1. When ranked by the protection proxy of mean other Cβ atoms within 10 Å per residue, highest first, what sequence do the peptides 299-312, 174-187, 128-141 form?
2. Can you list the cysteines of the chain that have no other Cys Cβ under 4.7 Å away?
3. Would you mind counting up the charge near LEU370? Only other residues with Cβ under 10 Å from its Cβ, with Lys and Arg at +1 and Asp and Glu at -1.
4. Output the relative contact order of the range 34-389, whole-number percent, from Cα pairs under 8 angstrom with separation of 6+ residues.
5. 222 nm [θ] for the chain, helices only, -39500 (n - 2.57) per DSSP H run of 4+, per residue, to 500?
6. Would you grab the residues whose amide H sits under 5 Å from the one on GLN104? Only those 5+ places off in sequence or on another chain, please, with H modelled 1.01 Å from N.
7. With 10 angstrom as the radius, rank HIS51, HIS384 by how many other C-beta atoms surround their C-beta, starting from the fewest.
8. Which far-off residues, 5 or more places away or on another chain, put their amide H under 5 Å from the one on TYR226, with H placed in the peptide plane?
Amino acid sequence: MDFMENKRKSNFTRKIILAASITALFFFMVKRPAAINGSTKFSQHEAGVTHVLVTGGAGYIGSHAVLRLLKDSYRITILDNLSRGNMGAVKVLQGLYPEPGRLQFVYADLGDAEAVDKIFERNAFDAVMHFAAVAYVGESTAEPLRYYHNITSNTLLLVKAMAKHGVKTLIYSSTCATYGEPEKMPITETTPQVPINPYGKAKKMAEDIILDFSKTSNMAVMILRYFNVIGSDPEGRLGEAPRPELREQGRISGACFDAARGIIPGLKIRGTDYKTPDGTCVRDYIDVTDLIDAHVKALAHAKPGKVGIYNVGTGKGSSVKEFVAACKTATGVDIKVDFLSRRPGDYAEVYSDPSKINNELNWTARFTNLEESLSIAWRWQKEHLNGYDN
Ligand SMILES: NC(=O)c1ccc[n+]([C@@H]2O[C@H](COP(=O)([O-])OP(=O)(O)OC[C@H]3O[C@@H](n4cnc5c(N)ncnc54)[C@H](O)[C@@H]3O)[C@@H](O)[C@H]2O)c1
């Protein structure tokens with residue numbers, strides 16, 4: 001009896017131990033980063049391969065950056081919450097570079113610190129290009145807290161994650177809106193930054209966070225202050241497709257194409273009494289292909305413990321009236337134009353002095369030409385009447 005009882009007990013104990021071991025193994029496998037599971041190339045550093053985390057890579061500029069980086073043999077992880085970007089753009093990129101270890105998409109919100117921490121834990125990033133942001137001046141004056149949260153606070157979280165996980169190179173998307181309305185043109189990198197709307201202020205604060213952190217670390221930092229971005233991939237694979245509900249907030253090129261397609265009745269030029277040659281605002285337009293080239297050069301020149309701050313513009317301003325004329329030529333449509341009063345938060349004249357980036361990064365705008373850049377973008381727009389949903 002005793003013997004049978006003992007045998008039953010020991011069988012029972014064995015079963016318990018087996019069940020506990022299987023459960024423990026299961027938790028171990030689920031909880032371990034992908035590297036331990038051995039499933040992805042993204043989780044391990046590889047000699048000769050630079051793995052770049054591109055935040056906002058489903059957006060307009062971010063997707064063009066990913067395209068170029070993939071072409072140049074970088075390994076890419078896109079992090080995007082798709083609040084404003086397009087899964088269609090990611091699918092185009094995945095279709096072009098389907099090989100394992102080239103491109104992965106991670107759906108996440110940068111404001112979710114826990115999720116971001118896990119993403120850094122599971123992936124071996126060498127550098128970050130931080131594009132993700134809400135980015136409309138008008139919207140920022142109406143919803144300032146959203147802008148400080150999305151731009152400033154999220155950048156802080158991202159930099160913290162980079163510091164914790166030892167990722168030492170950051171290329172940051174900043175903007176000429178951080179300069180506000182300087183008295184002297186052209187704008188150099190030492191022009192005082194006095195932003196006049198929450199968008200510019202939030203970006204300036206994010207820059208300050210990055211710069212202060214860089215003083216206490218050996219992070220390689222490149223801050224690129226873009227002027228007004230236009231155009232799209234010359235080969236027609238990607239384009240600019242903001243959410244329809246953002247049309248009102250939108251940028252001038254989007255409005256111009258919408259007017260040419262008859263989606264909106266015409267163009268509204270806000271402000272004709274600025275102190276500029278024709279009374280309309282003057283802006284420095286930069287083609288997205290040139291802009292991304294500046295990022296690639298910035299990444300190549302990034303050095304531990306060093307900070308580089310660069311304006312990315314052509315150095316030549318064009319008025320809104322000139323822009324509209326170029327848009328009419330590019331689209332072949334005689335767009336109706338209404339002249340309205342000024343929009344709050346806008347400034348009269350903004351153009352860059354690009355000599356620092358010319359000299360130090362050997363970068364110059366080679367593709368930017370108002371008519372040509374708009375013609376290329378218009379071709380994509382005509383072929384994608386529903387954006388990426390086509
Ligand atoms: N477009 C311009 O003319 C211009 C000029 C100067 C600076 N910039 C800067 O360039 C960057 C990219 O701008 P864009 O024109 O491509 O804008 P976009 O809206 O097309 O792309 C931004 C991307 O970021 C994503 N995103 C936003 N918040 C996020 C969050 N919390 N978590 C994860 N993803 C998030 C969006 O879904 C979107 O895909 C922005 O930082 C913007 O401030 C743009």
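All of the numbers you see were taken from the coordinates with simple rules; none came from a lab. Just so you know, these numbers come straight off a predicted model, no measurement behind them. Cβ placement follows ideal geometry from the backbone for every residue including glycine, while neighbour counts extend to all protein chains displayed.
1. Numbers: 299-312: 17.6, 174-187: 19.5, 128-141: 23.4.
So the peptides 299-312, 174-187, 128-141, ranked by packing, come out 128-141, 174-187, 299-312.
2. Here CYS176, CYS281 come out as lacking a disulfide-compatible partner, given the Cβ-Cβ threshold of under 4.7 Å.
3. Details: positive: LYS316; negative: ASP287, GLU322, GLU371, GLU372.
That works out to -3.
4. On the way: 723 pairs, mean separation 64.0, N = 356.
With pairs under 8 Å counted, the relative contact order is 18 percent.
5. Numbers: 14 runs with 162 residues, N = 390.
For the chain, the value works out to -13000 deg cm²/dmol.
6. Residues meeting the amide H criterion: ILE76, THR77, ILE78.
7. Details: HIS51 22, HIS384 18.
The fewest-first ordering by Cβ neighbours comes to HIS384, HIS51.
8. SER174, THR175, CYS176, VAL312
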